[in-house]
Amino acid sequence: MPEIGDIKRGIEIGRKGNRHYFIFIECPECHKTRWISTQLYKKLQNNGLCHMCEIHNRKITPIMERFMSKVQKTDDCWIWIGSHNNHGYGKMMYPRKGEFIYAHRLSYILHKGEIPDGLLVLHKCDNPLCVNPSHLFLGTQLDNVHDAIHKGRLDPSKCGKLALGIKHLFQRG
Ligand SMILES: [Zn+2]
Ligand SMILES: [Zn+2]
């Protein structure tokens, strides 16, 4: 019986004491190697991820799961069925208890990546409850106003204060 430590990675099993068999495995994520008992190995639900990678994965997976559990996909829009604010935008508690993020912004982060500072996540489909990443795009506040006028959400002639704001933005370039 070979000693633990001089067995080829991932293939052989070594024995320690009378009952405990060990297997040499490699973490599929970070490629760190370690010995674990075959009993434990059989129970592993995580394909042999090491402790650190498992913790890391746990942090990432639940947020995606939590998010998707509140999404009803249609052929077109993905409708947010979680809670929403007074303006009809979906929201979710994230990243901490008591803090909220807009569902469409979270969708953008989860599916497409970081939102640069100062940019908004806008809807191509003009449906505030939609979180379909392919309907989301980044824009400035000015883009948002243009978009709103273009899609008929806003009538600038009836909205003096906003029209002034737009004028101001145009002057700034
Ligand atoms: Zn690892
Ligand atoms: Zn949509």
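Structure notes:
- Any chance Arg96 is surrounded by 11 or more Cβ atoms within 10 Å (Cβ to Cβ), away from ligand 1 (no atom under 16 Å from the Cβ) and within 18 Å of the chain's Cα centre (by Cα): no
- Some residue of the stretch 72-88 being closer than 30 Å to His31 by Cα, touching a residue at least 24 places away in the same chain (Cβ under 8 Å) and not assigned by TED's automatic domain parsing to the domain that holds Ile25: no
- Residue check for Ile149: over 30 Å from Glu29 (Cβ atoms), touching a Pro at 6+ places or on another chain (Cβ under 9 Å) and in a helix (DSSP H, G or I): yes
- Filter result (part of a helix (DSSP H, G or I) and aliphatic (A, V, I, L, M)) within the stretch 106-129: Leu106, Ile109, Leu110
- Considering the conditions (1) within 15 Å of the chain's Cα centre (by Cα); (2) free of Cβ contacts under 8 Å to residues at least 60 places away in the same chain; (3) near ligand 2 (Cβ under 9 Å from one of its atoms), Gly113 is excluded by exactly one of them, (3).
- Among residues of the stretch 40-94, those that are in a loop (DSSP other than H, G, I, E, B), at pLDDT below 85 and of a type in the set (A, V, I, L, M), counted: 2
- For the stretch 130-146, a residue qualifies if it is within 22 Å of Gly82 (Cβ to Cβ) and outside any strand (DSSP E or B), and the qualifying residues are Val131, Asn132, Pro133, Ser134, His135.
- In the stretch 82-115, the residue that is farthest from Ser134 (Cα to Cα) out of those that are out of contact with any Phe, Trp or Tyr (no Cβ under 6 Å at 6 or more places or on another chain) and basic (Lys, Arg) is Lys97.
The values are calculated or read from the model by the stated rules, or taken from the named source; none is laboratory data. As the structure is a prediction and not an experimental result, all values here were calculated from the model. Cβ: placed from backbone, ideal geometry, glycine included. Neighbour counts: every protein chain shown.
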